[in-house]
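Take a look at the structure below.
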Amino acid sequence: MSGCCDKPGLLPVETALERLLALAESAPIRETERLPLASAEGRVLAEPLVAGLDLPPWPNSAMDGYALRQADAGEPLPVSQCIFAGQAPEPLQADTCARIFTGAPLPAGADCVEMQENVEVLADGRVRFLEAIRAGQHVRPQGQETRRGETVLDAGTRLGPIELGLAASLGAAELTVRRRPRVALLSTGDELVEPGQSLGPGQIYNSNRRLLASWLQRLGCEVVDGGILPDDLDRTRVCLGELADVDLLLSTGGVSVGEADFLGQVLREAGELALWKLAIKPGKPLTCGHYRGVPVIGLPGNPASTLVTFALLTRPYLLRRLGCAEVTPLRFSVPAGFTWTKPGNRREYLRARLENGRAVIYANQSSGVLRSVAWADGLVEVREGTTLAEGDAVTFIPLSEVLV
Ligand code: AMP
Ligand code: MG
């Protein structure tokens, strides 16, 4: 992960993302496993899902009503059979109609359905059709959703409830998915203490570990918890040496400019290192390297910076290693509900909410304030060198897009 990256100046977010995606493509996680649908949520489909049958498999009724031949609708028709969902009908007898319920197969010979609200049942049981009937009305034709042999989901699709429901509708009980990436998570910092312990002088609770561990699990990763790494060269060496057999080493903290850079030093000894100064706020410093062949990404330690750089750079990187084509979040344009008077030299991701269709921002945008993101439902992207007046269009990235 090195070379090219140590140029002076700030690295634009797009360039950083391009580089990370190229690195991801050069280290794909190809192994697969077969899982029952119930265990496949959040995983990435390794093979296309091809329909093994037509959906629906046979023409069926979209309404509770009567199935008939449209040409017969002029006269009252006797009811020759009653068809519930789950039953196999007889062919429709000539000059009759069939009582039919939603989802029941259309009997051979019928070509339309009239809903029960639009008929009159006569005293002798015959059915009179009160309105003009179109051929094919209220019929769901065989294969209208999917034809057998069609690719319904491409390889590289992330599996959520909708995709799993779709697979179930085609009768797939299991799917082939990429194996879970193993991600070793390290929180660097002498000041860090785990929740549940008491705080000593100068100490703070480790929030990034929980944030990233939960997020990585949602992304289908297996988290190897490396715990808290003290700001100490020997301990860093030992700790990294103990981490074997992972697909990514993800650390937070210790990459601020001017700080003793222990992780970086160990990477320089036993691998490769690039320090990127990103044109991103919150964020900026990001380490990218290899340790004994294992890719390493070092995120900045301030919790809002960790979050933004994970959401916009690390998440796409991990998903691309699993073969996902779609790795960047959906974003849309909304009017700003705030003004922005100081153009920055870094792209800013402001913690924001939509109120009455406008993006409003959290008062304290400091990179240390995780509460700003808990309050927010998205990030507003303010490009480099931009000022904004209220009502100007800004790009909004919903957090719900990146948290899955
Ligand atoms: P660093 O990048 O190590 O200089 O950290 C930048 C800021 O983020 C400092 O205020 C750290 O105390 C804070 N920080 C670093 N790691 C964590 C963490 N895991 N949880 C909460 N805050 C952190
Ligand atoms: Mg630190």
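The values are calculated or read from the model by the stated rules, or taken from the named source; none is laboratory data. Just so you know, these numbers come straight off a predicted model, no measurement behind them. Positions of Cβ are generated from backbone atoms using ideal geometry, with glycine treated the same way; all protein chains shown enter the neighbour counts. Accessible surface is based on the protein model in full, side chains and every heavy atom, while ligands, DNA and RNA are left aside. Shrake-Rupley method; radii C 1.70, N 1.55, O 1.52, S 1.80 Å.
Under 9 Å by Cβ, and 6 or more places apart or on different chains, what pairs join a residue from the range 237-256 that is at positive phi with one that is more than 15 Å from ligand 2 (Cβ to nearest atom)?
Asp245/Arg182; Asp245/Val224; Asp245/Val294
Which of (1) assigned to a loop (DSSP other than H, G, I, E, B); (2) more than 21 Å from Asn302 (Cβ to Cβ) does Thr176 not meet, given it meets every other one?
(1)
Could you say which residue among Leu17, Leu45 is buried (at least 16 other Cβ atoms within 10 Å of the Cβ), touching a residue at least 60 places away in the same chain (Cβ under 8 Å) and in the same structural domain as Gln217 (by TED's automatic domain parsing)? Steps first, please.
On the way: Leu45 fails: in the same structural domain as Gln217 (by TED's automatic domain parsing).
Testing whether each residue is buried (at least 16 other Cβ atoms within 10 Å of the Cβ), touching a residue at least 60 places away in the same chain (Cβ under 8 Å) and in the same structural domain as Gln217 (by TED's automatic domain parsing) leaves just Leu17.
Taking only the range 275-315 into account, find how many residues are in contact with a Gly (Cβ under 6 Å, 6 or more places away or on another chain) and aliphatic (A, V, I, L, M).
2
Give Ser198, Ser207 a once-over and let me know the one that is small (Gly, Ala, Ser) and open to solvent by 70 Å² or more (accessible area, probe 1.4 Å). Don't jump to the end; show me each part of the working.
Values: Ser207 fails: open to solvent by 70 Å² or more (accessible area, probe 1.4 Å).
Exactly one of Ser198, Ser207 is small (Gly, Ala, Ser) and open to solvent by 70 Å² or more (accessible area, probe 1.4 Å), namely Ser198.
Pick out the one residue from Phe310, Phe332, Phe338 that is within 16 Å of ligand 1 (Cβ to nearest atom) and either modelled with pLDDT of 95 or more or under 16 Å from the mean Cα position of the chain (by Cα) (or both). Before you say what the answer is, go through the steps one by one.
On the way: Phe332 fails: within 16 Å of ligand 1 (Cβ to nearest atom); Phe338 fails: within 16 Å of ligand 1 (Cβ to nearest atom).
None of the other options fit; the residue is Phe310.
Given the range 336-404, what strands (runs of 3 or more DSSP E) lie entirely inside it while holding 3 or more residues that are open to solvent by less than 60 Å² (accessible area, probe 1.4 Å) and either among the hydroxyl-bearing types (Ser, Thr, Tyr) or closer than 19 Å to Leu312 by Cα (or both)? Can you show your working first?
Details: elements: 347-355, 358-361, 378-382, 393-398.
The strands (runs of 3 or more DSSP E) meeting that bar are 347-355, 378-382, 393-398.
If I filter the range 68-90 down to residues being open to solvent by 70 Å² or more (accessible area, probe 1.4 Å) and among the aliphatic types (A, V, I, L, M), which single residue comes out as farthest from Thr102 (Cα to Cα)?
The residue in question is Ala71.
How about the range 167-184: which of its residues are under 30 Å from Ile204 (Cβ atoms) and in contact with a Gly (Cβ under 6 Å, 6 or more places away or on another chain)?
Initial filter on the range 167-184 (under 30 Å from Ile204 (Cβ atoms)): 181-184.
The one that is under 30 Å from Ile204 (Cβ atoms) and in contact with a Gly (Cβ under 6 Å, 6 or more places away or on another chain): Ala184.
Just need a number here: residues in the range 155-191 that are within 16 Å of ligand 2 (Cβ to nearest atom) and free of Cβ contacts under 8 Å to residues at least 60 places away in the same chain.
Selection size over the range 155-191: 2.
Can you name every residue in the range 141-190 that is closer than 30 Å to Arg209 by Cβ and surrounded by fewer than 16 Cβ atoms within 10 Å (Cβ to Cβ)?
Scanning the range 141-190 gives Gly160, Pro161, Asp190.
(1) at positive phi; (2) within 16 Å of ligand 2 (Cβ to nearest atom): which one isn't true of Gly149, the others all being true?
Of (1) at positive phi; (2) within 16 Å of ligand 2 (Cβ to nearest atom), only one is false for Gly149: (2).
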